[in-house]
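The values are calculated or read from the model by the stated rules, or taken from the named source; none is laboratory data. Owing to the predicted nature of the structure, the values given are computational and were not obtained by experimental measurement. All Cβ positions, even for glycine, are placed from backbone atoms using ideal geometry, and neighbour counts span all protein chains on display.
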Amino acid sequence: MKSARMFALLAIIACAKVTTFPPADFAPGWAYQFAPEKYSPDNLHEIIDGEAELYRQYDVVEMTAVSWVHQDDASQTVSVELYDMGNALNAFGIYSHYRRPDMPFADIGQGAVVSELSARFWQGRYFVRLNAGSLSPFVQDAMRALADSMAAALPPAPAPQELSFLPLQDQSPNTLRYIATPYQGIAALPRTLEAHYQSATAEWTGFIVLFPSPADAAQAMNVSNAGEGMLLRQESRYILGVRDYTAAEEAVEFLQRLGARCAMW
């Protein structure tokens with residue numbers, strides 16, 4: 001539930017007529033610690049060393065970083081990183097990299113995970129990370145107000161079609177992921193959607209590997225060696241799969257259902 005203090009912050013930010021980033025003085029006492037700075041894929045490591053390669057794998061186009069500090073206390077800071085991921089599927093993919101089913105979620109953008117010190121959300125082609133510099137409720141309210149403001153300022157967009165490929169029946173909440181790195185370490189299986197499933201009698205992970213053409217998918221099938229506990233099947237430009245299943249019959253039945261869905265894509 002939003003506090004009265006955060007509602008006041010949102011009202012102040014709204015009056016500032018923001019475009020994407022709220023201004024330096026988005027609320028009384030706040031100022032830029034550093035103004036918005038842009039980073040390309042080539043120099044992203046200068047600000048997120050250790051994670052830059054992950055974002056490059058998801059085809060990041062540009063990142064803009066900005067930080068605010070409260071003028072009465074230098075420990076009270078909020079930083080924001082806005083990533084243009086090129087398309088909504090890549091933005092969701094980065095978001096899903098950080099998301100876990102047991103995390104607290106919030107109604108920000110098209111999906112958000114939050115904690116006392118951070119908020120991460122995606123909207124359209126953008127992924128946004130916010131970090132609070134302290135556990136102060138004052139700072140946490142400022143972080144949430146900034147997140148809500150940016151979500152309202154970013155252009156709305158429909159969810160990518162690919163997110164509907166895996167069936168919802170028996171799908172565990174908040175387990176859908178888009179993975180832009182070789183799936184399960186198999187180089188021939190790039191760019192994969194996966195989700196965890198649980199029925200009354202079994203558990204499994206279902207996945208779909210995306211390829212540009214049926215020929216590319218067929219070539220990958222020829223060189224891919226399904227690991228132990230993994231079933232693969234080609235349908236058009238996709239490789240469909242099941243892994244880590246506890247009941248072979250349900251895994252095969254799921255793969256058949258998945259194949260039948262291909263006609264809708």
Practice task
Scan the range 157-174 and give yes if some residue there is buried (at least 19 other Cβ atoms within 10 Å of the Cβ), touching a Gly at 6+ places or on another chain (Cβ under 9 Å) and either at pLDDT below 90 or in the same structural domain as Arg257 (by TED's automatic domain parsing) (or both), otherwise no.
Solution key: yes
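Between Gly86, Gly93, which is within 22 Å of Pro160 (Cβ to Cβ), out of contact with any helix residue (DSSP H, G or I) (no Cβ under 6 Å at 6 or more places or on another chain), of a type in the set (Gly, Ala, Ser) and touching a residue at least 60 places away in the same chain (Cβ under 8 Å)? If you could, list the steps in order and put the result at the bottom.
Working: Gly86 fails: touching a residue at least 60 places away in the same chain (Cβ under 8 Å).
It is Gly93.
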Problem - Filter result for the condition that a residue is within 21 Å of Ala260 (Cβ to Cβ) and of a type outside the set (Asp, Glu), over Thr181, Thr192 - result: Thr192
Exercise for the section: Looking only at the range 134-148, count how many residues are among the small types (Gly, Ala, Ser), surrounded by 21 or more Cβ atoms within 10 Å (Cβ to Cβ) and either over 18 Å from the mean Cα position of the chain (by Cα) or more than 27 Å from Arg56 (Cβ to Cβ) (or both). Expected result: 2
Practice task
Tell me which residues, restricted to the range 225-261, are surrounded by fewer than 19 Cβ atoms within 10 Å (Cβ to Cβ) and under 18 Å from Ala180 (Cβ atoms).
Solution key: Arg237
Handout entry: Positions within the range 109-128 being part of a strand (DSSP E or B) and surrounded by 21 or more Cβ atoms within 10 Å (Cβ to Cβ), in sequence order
Key = Ala112, Ala119, Arg120, Phe121, Trp122, Gln123, Tyr126, Phe127, Val128
Practice task
Go through the residues of the range 136-151 one by one and say whether even a single one is assigned to a loop (DSSP other than H, G, I, E, B), not basic (Lys, Arg) and not assigned by TED's automatic domain parsing to the domain that holds Leu255.
Solution key: yes
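Can you find even one residue in the range 186-194 that is part of a loop (DSSP other than H, G, I, E, B), modelled with pLDDT of 95 or more, surrounded by 17 or more Cβ atoms within 10 Å (Cβ to Cβ) and among the acidic types (Asp, Glu)? Outline the logic, then answer.
Initial filter on the range 186-194 (part of a loop (DSSP other than H, G, I, E, B)): 186-191.
Then drop every residue that is not modelled with pLDDT of 95 or more, which leaves 191.
Now drop any that are not surrounded by 17 or more Cβ atoms within 10 Å (Cβ to Cβ), which leaves 191.
With among the acidic types (Asp, Glu) added as a condition, the list becomes none.
Within the range 186-194, none of the residues are part of a loop (DSSP other than H, G, I, E, B), modelled with pLDDT of 95 or more, surrounded by 17 or more Cβ atoms within 10 Å (Cβ to Cβ) and among the acidic types (Asp, Glu).
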